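To start, the structure itself, in structure tokens.
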Amino acid sequence: MSTLVTGGAGFLGSHLCERLVKQGEEVICLDNFFTGRRRNVANLLDYKNFEMMRHDVVDPFKVEVDRIYNLACPASPIHYQYNPIKTVKTSVMGAINCLGLAKRVGARILQASTSEIYGDPEVHPQPESYRGNVNPIGLRSCYDEGKRCAETLFFDYHRENKVDIRVIRIFNTYGPNMRPDDGRVVSNFIVQALKGEDLTLYGDGSQTRSFCYVDDLINGMVGVMEQEDSVGPVNLGNPIEFTIKQLAEAVLDKVHTESSLTEEPLPSDDPTQRKPDISLAQKLLSWNPVVELSTGLDRTIPYFREIIKE
Ligand code: NAD
Ligand code: UDP
């Protein structure tokens, strides 16, 4: 089996590449290193079945593979809003290039879509049938609408060209290999606590998210790719919901620090609540996240402790 992972040097991509390389698959990791880092895949460079390709998914490319995981796209609000037009190009032109390749070489292709396609949801928890509440002209739209358009392209290539697609909608996932300056909440809070800085609650911290540990997510992602019963979309995430303030308190409990909490303005269009309905994934894959937040934090904090010394 040969597999292309776009965005393979990023947080999730590097865990996926490691999983596939260690399973003995031929893995090509394509990345432009916008938010990804060589460090994330440094442990794979000595494997004969791993290849690194520096390339931008916006520009066409050709490789012969059986599977394509399309993960290329900055995922943190600060990084995807840095150059919003490029974010749309990455989502949309990247999807077109990957789907064109899948069509030519007959590869099965999985899209890493997102809970952001539900926007600020009015239905809670969110099932795959919910069509979402997205602002098409706000600061988050480059990402939300880019990912929605990518899903559209996946289903049109499937209907029109019989491309063998899988679509997953990933809910907030965390773990080692996130950048210390990633900007998402789990990495921000851990890095702030380790540096003795106050943890920045945007708003009063009453908004909710459900946090999935990376190993659980990768199990679900590979599971969806390899099952034959549904093209998706399939929600993947941990359904246990926390307020952001509860997350901050959980981090402070784990890191011995002088830090306390400080409030900063809530960014516009920040979803007030989010929690996946994972009944489809449970039915299709018998999949359930097994790593609780406390255990996931225990596995993630030592990684950040090391990396902030570098
Ligand atoms: P990440 O920012 O760590 O990884 C993204 C990777 O894509 C990076 O290596 C980056 O350099 C690469 N990339 C960005 N633009 C590119 C381009 N134009 N060409 C080639 N490579 C490019 O983020 P992540 O958390 O690992 O997310 C991976 C994927 O999963 C993304 O598509 C994201 O939208 C999706 N996702 C992640 C989460 C999560 O909680 N981690 C949630 C929902 C969806
Ligand atoms: N957040 C926060 N402090 C931070 C970073 C994020 O309070 O330092 C909040 C943010 O406003 C949002 C939640 O945490 O309500 C999750 O933010 P993140 O950027 O991790 O992901 P997303 O908003 O895309 O779910």
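Values for this structure:
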read-out: Average Cα contact separation per residue, the chain, under 8 Å, 6 or more apart, as relative contact order %; value: 17
read-out: Rounded FRET efficiency, nearest 0.05, which uses the C-beta distance separating Leu139 from Tyr47 and R0 of 41 Å; value: 0.55
read-out: Additional length obtainable on full extension of the chain from Asp298 to Asp156, 0.36 nm per residue less Cα span; value: 46.9 nm
read-out: Listed residue (Pro289, Phe154, Ile137) projecting farthest to the positive dipole end of the chain, Cβ model; value: Phe154
read-out: Nitroxide proxy distance, nm - points 7 Å out along Cα→Cβ at Asp164 and Asn288; value: 3.1
read-out: Förster radius 22 Å - calculated FRET efficiency between Asp270 and Asp198, Cβ distance, rounded to 0.05; value: 0.70
read-out: Label point distance in nm, Glu263-Glu64, each placed 7 Å from Cα along Cα→Cβ; value: 6.2
read-out: Proximal lysines relative to Lys195, as straight alpha-carbon distance under 24 Å, when same-chain residues fewer than 8 apart are discounted; value: Lys245, Lys254, Lys309
read-out: Estimated FRET transfer efficiency when R0 is 35 angstrom, pair Glu310-Ser129 (beta carbons, to 0.05); value: 0.20
read-out: Relative contact order, percent, the stretch 168-310 [alpha-carbon distance under 8 Å, six or more residues apart]; value: 38
read-out: Long-range tail of P(r) for the stretch 1-68 (Cα pairs > 18 Å, %); value: 25
read-out: Charge-dipole axis of the chain as Lys and Arg at +1 and Asp and Glu at -1 on Cβ define it, positive-most pick from Ile240, Ile190, Cys29; value: Cys29
read-out: Amide H contacts of Val163 (H built 1.01 Å from N, under 5 Å, at least 5 apart or other chain); value: His158
read-out: The chain, helix-only ellipticity at 222 nm - DSSP H runs n ≥ 4, -39,500 (n - 2.57), divided by all residues, nearest 500; value: -12000 deg cm²/dmol
read-out: The stretch 1-85, relative contact order [Cα under 8 Å, separation at least 6], %; value: 38
read-out: Table column - 3J(HN,Hα) (Hz), the stretch 60-71, Karplus curve with 6.51, -1.76, 1.60, x for Gly and Pro; value: x, 8, 10, 8, 9, 9, 9, 9, 10, 9, 9, 10
read-out: Cα→Cβ-extended label distance, 7 Å offset, between Glu249 and Arg54, nm; value: 4.7
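Quick note: the coordinates plus some simple rules give every number you see, no bench work behind them. This is a predicted model, so every value here is computed, not measured. Neighbour counts are summed over all protein chains in view; Cβ atoms, including those assigned to glycine, are modelled from backbone coordinates with ideal geometry.
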